[in-house]
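Presented below is the structure to which this report refers.
The values are calculated or read from the model by the stated rules, or taken from the named source; none is laboratory data. All values derive from a computational prediction rather than experimental measurement. Here the Cβ positions follow ideal geometry from the backbone for every residue, glycine too, while neighbour counts run over all protein chains shown. Just the protein is used for accessible areas: all its heavy atoms, side chains included, with ligands, DNA and RNA removed. Shrake-Rupley method; radii C 1.70, N 1.55, O 1.52, S 1.80 Å.
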Amino acid sequence: AGTKNLNFVLQSYSLPVGSTLVFTLTCTQYASAAVYGSAGGSSNNVDYSTWDDQIGTASMTVIINSPPTPGVFTVSPETGKELEDLFTFSCSLWSDDDLPITYQYGFQSLTANRVMPVQSRSESAESIVILPSGDKIFDYALQCVSVVYDDMDANTTVTQFVYVNETDFPEKAGYNF
């Protein structure tokens, strides 16, 4: 008799992406259970051995959201100069049931050890930006990043390398301003 609340807790991100799962709870009702006291009569024990064939079942179907399906991420030109040349970040052919799809662009900073955004999240699938130079140790390669989101925040991250060389500023050539 009465109500019993149960919590079913799962670890975050533990369900398989893109799948459909069915969770079922089954309850069995026992007949009027025989209650018998202990020898001292102070405590009661319940005999659950009498089952009256009543079973209740409840099911819940859960559809796990998938991130946008892969499309194309390009950055052009493939080679340029820092703070001088314009680079175009572009995404195309991405799809998802949960619209709108939004895009965030950036580059991987080795010094800050994180992605530095060059365009905040928006529905614009293209952005024209100026980039800093890549790492000299890696021939000025710079890893560009696009994070593609659906309306439920599921996302896919894709990268592309470009080569961004240092610019010869006039002060490097002996000019003073």
**Request:** Please sort 75-87, 8-20 by packing, taking for each peptide the average over its residues of neighbouring beta carbons within 10 angstrom, highest first.
**Result:** 75-87, 8-20
**Prompt:** For S19 and N113, what is the calculated FRET efficiency with R₀ set at 41 Å and r taken between the beta-carbons, to the nearest 0.05?
**Reply:** 0.75
**Request:** Show the residues, 5+ positions off or on another chain, whose built amide H is closer than 5 Å to the amide H of S124.
**Result:** Y103
**Complete:** 1/(1 + (r/R0)^6) with r = Cβ-Cβ of S133 and V158, R0 = 35 Å, i.e. FRET efficiency to nearest 0.05, evaluates to 0.95
**Request:** Determine the gain in length on full extension of the stretch D97-C27; use 0.36 nm per residue of separation and subtract their C-alpha separation, reporting nm with one decimal.
**Result:** 21.6 nm
**Message:** Amide H of W94 versus every other amide H placed in the peptide plane: which residues, excluding those fewer than 5 positions away on the same chain, fall under 5 Å?
**Reply:** V72
**Fill in**
Order by accessible surface, 1.4 Å probe, largest leading, for residues M116, M152 comes to M152, M116
**Request:** Take the Cβ-Cβ distance between S122 and T69 as r, set R0 to 22 Å, and report the resulting FRET efficiency rounded to the nearest 0.05.
**Result:** 0.65
